[in-house]
Amino acid sequence: DTFMVEDAVEAIGFGKFQWKLSVITGLAWANAMEMMILSILAPQLHCEWRLPSWQVALLTSVVFVGMMSSSTLWGNISDQYGRKTGLKISVLWTLYYGILSGFAPIYSWILVLRGLVGFGIGGVPQSVTLYAEFLPMKARAKCILLIEVFWALGTVFEVLLAVMVMPTLGWRWLLILSALPLLLFAGLCFWLPESARYDVLSGNQEKALATLKRIATENGAPMPLGKLVVSRQEDRGKMRDLFTPHFRWTTLLLWFIWFSNAFSYYGLVLLTTELFQAGDVCSISSRRQEVKAKCSLTCEYLTEEDYTDLLWTTLSEFPGVLVTLWIIDRIGRKKTMALSFLVFSFCSLLLFLCVGRNVLTVLLFIARAFISGGFQASYVYTPEVYPTATRALGLGTCSGMARVGALITPFIAQVMLESSVYLTLLVYSGCCLLAALASCFLPIETKGRGLQESSHKEWGQEMVGRGSHSPGESQE
């Protein structure tokens with residue numbers, strides 16, 4: 001005659017409420033526009049304000065510094081004060097400073113404001129935490145991957161917006177209009193409920209029950225009979241909980257996996273331009289020897305062809321989503337991440353060959369599709385593996401490690417490339433090979449399991465929604 005939040009979520013199932021939640025959390029996830037704009041804004045300001053190359057590079061780095069410094073903080077806020085609270089504050093913060101940066105009068109102002117935008121973006125991944133805690137087990141992986149589509153849509157929309165806005169209105173209007181999805185989220189976020197799992201864990205049983213009844217009403221599904229069981233209250237958002245004997249190895253492996261994802265993903269984005277300009281890997285070294293010294297203030301505005309190239313490379317993320325969507329519930333989360341890293345590593349090694357432009361494009365397309373797919377799989381796995389008390393903090397620290405990878409990768413993809421393109425490719429290939437091994441060594445496979453409520457119970461006791469599956473189905 002009792003039930004837990006997990007049982008209620010499974011009994012209510014997927015319906016109208018989750019569809020609305022998908023769109024609203026997806027709008028927050030479309031903050032990819034704020035990231036994509038970096039590749040468009042940098043060359044424009046380089047020309048308009050006559051910036052030296054190191055100042056142009058700093059425009060990108062400062063955003064990642066902001067994201068890295070805030071990811072753990074937003075995770076802590078979400079575990080201490082609620083998922084909805086953490087997400088709303090981070091989105092409103094990003095929206096405010098994103099619009100404000102469109103009015104920056106000088107370089108130092110835009111540098112500070114874009115850093116503050118990065119600080120806000122560090123909290124947006126908490127939308128995955130909130131979203132995952134309302135999803136039934138069977139739909140969780142597919143739905144989290146589908147809101148990742150909003151990331152790809154955001155990057156595509158940013159390029160199309162730049163094509164329309166930049167020639168006429170300029171970069172200031174592009175910065176302002178790029179905040180549109182976050183503005184829509186701000187207008188709709190009043191509808192968002194707080195996570196029922198969080199409310200139960202924080203002792204607010206009545207509010208959790210009201211939220212579950214609201215979802216059942218919207219979905220037209222019955223609530224489980226009996227009384228909602230309150231999980232044991234525990235301290236929330238404590239870093240030490242990520243390093244208990246049960247989770248220590250998982251945390252360390254996940255940190256390296258997230259680091260490798262961002263390191264390789266953003267590295268490939270930077271390498272793509274260099275490889276396309278050279279024609280193939282074998283031409284890079286000779287081309288660099290022929291390049292004469294140029295004034296650091298020499299600049300070139302982005303052309304229509306440049307925007308087309310940006311659009312094509314971005315579109316590779318859609319097949320990445322589809323492949324991951326197809327295999328993640330078939331072979332499991334760990335094997336999906338491992339496969340993604342292995343394919344990326346293999347494609348990096350094939351680049352050693354002096355292939356033509358067409359084959360080069362195909363290899364880069366496949367590599368980006370799979371590394372973005374691996375990134376998406378880690379977003380599915382991480383909220384599933386941690387209990388409710390540390391779920392947001394676990395995701396936040398992993399996101400912070402990803403930003404470390406993003407910060408380091410320009411020194412490999414651009415600086416090391418100057419001396420040896422083969423060593424550069426070997427670093428990325430080797431890193432992803434190690435990440436594939438790390439994925440295989442993760443001690444817990446979360447495929448077919450529910451979300452864990454309390455860290456005080458052995459992993460697996462609460463994992464299978466009671467009454468919804470037979471015991472035989474719960475064994476992996």
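The values are calculated or read from the model by the stated rules, or taken from the named source; none is laboratory data. For clarity, every value in this text was computed on a predicted model and none was experimentally measured. Here the Cβ is made from the backbone with ideal geometry for all residues, glycine too, and neighbour counts use every protein chain on show. Accessible surface is based on the protein model in full, side chains and every heavy atom, while ligands, DNA and RNA are left aside. Shrake-Rupley method; radii C 1.70, N 1.55, O 1.52, S 1.80 Å.
What to note about this one:
- Residue within the range 195-215 that is closer than 30 Å to T308 by Cβ and open to solvent by 10 Å² or more (accessible area, probe 1.4 Å) present: no
- Looking only at residues in the range 24-58 that are in a helix (DSSP H, G or I) and out of contact with any helix residue (DSSP H, G or I) (no Cβ under 8 Å at 6 or more places or on another chain), the one that is surrounded by the fewest Cβ atoms within 10 Å (Cβ to Cβ) is W54.
- Among the residues making up the range 94-127, those that are β-branched (V, I, T) and either open to solvent by 50 Å² or more (accessible area, probe 1.4 Å) or assigned to a loop (DSSP other than H, G, I, E, B) (or both) are I99, I106, V112, V124.
- Matching residues in the range 330-353 - criterion: being in a helix (DSSP H, G or I) and aliphatic (A, V, I, L, M): I331, M337, A338, L339, L342, V343, L349, L350
- Any hit, the range 163-183, residues being within 18 Å of S78 (Cβ to Cβ) and part of a helix (DSSP H, G or I): yes
- Filtered by the rule that a residue be outside any loop (DSSP other than H, G, I, E, B), modelled with pLDDT of 85 or more and open to solvent by less than 40 Å² (accessible area, probe 1.4 Å), the range 184-194 gives F185, A186.
- One residue alone among A186, A139 is within 26 Å of A11 (Cα to Cα), outside the structural domain of R391 (by the TED database) and in contact (Cβ under 8 Å) with a residue 40 or more places away in the chain, and that residue is A139.
- Test for L209: is it modelled with pLDDT of 85 or more, touching a strand residue (DSSP E or B) at 6+ places or on another chain (Cβ under 6 Å), assigned to a helix (DSSP H, G or I) and aliphatic (A, V, I, L, M): yes
- Among (1) touching a Phe, Trp or Tyr at 6+ places or on another chain (Cβ under 9 Å); (2) at pLDDT 85 or above, the one test that F352 misses: (2)
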